[in-house]
Amino acid sequence: MNSNSEKHIIVAGFGGQGVLFLGTTLAEAAIIEGKNTTWIPSYGAEMRGGSANCFVIISDSEIPSPLFDEADYGIFLSKAAINKFDNTIKKDGIAVVNSSMTGERTLRDDINYVMEPLSDLAARSKEKMLLNIMALGLLIRKTGILTKESVIKALEKVSSAKKPEFLKFNLESFETGYNLIKSTGFNDKKVEMAGC
């Protein structure tokens, strides 16, 4: 059982989608805000194309364990990811889903979904939109778990350390994802189609 200030997040997809980068950025933004955080990556034997996921905890207080069975929030970038982890989202939790890759499936009626065809949006974009960072923008806008400003600072720091040439695309992708959720119907429950 987590404390009220402790939030558990699962980020899942396949290798090459930037799952671990997304998780690192979340943890870095938490540190920037002076919060406690943990980040545990997990990926299959084949990095690119194999399964990839990470578990992030963000808390105002000390974190007793970096492990958890139930998440407050999820980001699912592939069909395998939502199939594997959808049931780990707690009742009334939030799942950001890349609907381009999840296909037809029965959705739970006790959690909130933010569905957006991120792969299609990235492919159609004139700029190099990054679906993982668009998903991050959706999560931050929907949950308010961290401030927009701290995530931007985290993207600047993590991008500089990993791939500085991607900073521009990361910042633009985050802004795009953040703005996909329209202000009208923002607090709607259950299945939510972002953008439209």
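Details
- Looking across region 73-87, the residues that are more than 9 Å from the chain's Cα centre (by Cα) and open to solvent by 10 Å² or more (accessible area, probe 1.4 Å) come down to K79, A80, N83, K84, F85, N87.
- Note on region 119-142: residues that are over 27 Å from I58 (Cβ atoms), outside any loop (DSSP other than H, G, I, E, B) and not aliphatic (A, V, I, L, M) amount to 2.
- Hey, K142 among the charged types (D, E, K, R), under 22 Å from E6 (Cβ atoms) and within 12 Å of the chain's Cα centre (by Cα) or not: yes
- Selection over region 132-160 of residues that are at pLDDT below 95 and crowded, with 23+ Cβ neighbours inside 10 Å gives a count of 0.
- Note on region 161-176: among residues that are open to solvent by less than 70 Å² (accessible area, probe 1.4 Å) and among the aliphatic types (A, V, I, L, M), the one that is modelled with the lowest pLDDT is L167.
- Condition check for E116: open to solvent by less than 30 Å² (accessible area, probe 1.4 Å), touching a residue at least 24 places away in the same chain (Cβ under 8 Å) and either over 29 Å from S59 (Cβ atoms) or touching a Leu at 6+ places or on another chain (Cβ under 7 Å) (or both): yes
- Between G103, G74, G144, G137, the distinction of being in contact with a helix residue (DSSP H, G or I) (Cβ under 8 Å, 6 or more places away or on another chain) and on the phi > 0 side of the Ramachandran plot belongs to G103 only.
- Residue within region 22-39 that is open to solvent by less than 60 Å² (accessible area, probe 1.4 Å), closer than 27 Å to K157 by Cβ, over 12 Å from the mean Cα position of the chain (by Cα) and of a type in the set (V, I, T) present: yes
- Of all residue pairs spaced 6 or more apart or on separate chains, those with beta-carbon atoms under 9 Å, a first member in region 4-30 that is over 23 Å from T102 (Cβ atoms) and a second member that is outside any strand (DSSP E or B) and among the basic types (K, R) are S5/K35; T24/K162; E28/K153; E28/K157; A29/K35; A29/K153.
The values are calculated or read from the model by the stated rules, or taken from the named source; none is laboratory data. Model, not experiment: these values are computed from the prediction. Cβ coordinates were reconstructed from backbone atoms using ideal geometry, including for glycine residues, and neighbour counts include every protein chain displayed. Surface areas here come from the heavy atoms of the whole protein model, side chains and all, with no ligands, DNA or RNA. Shrake-Rupley method; radii C 1.70, N 1.55, O 1.52, S 1.80 Å.
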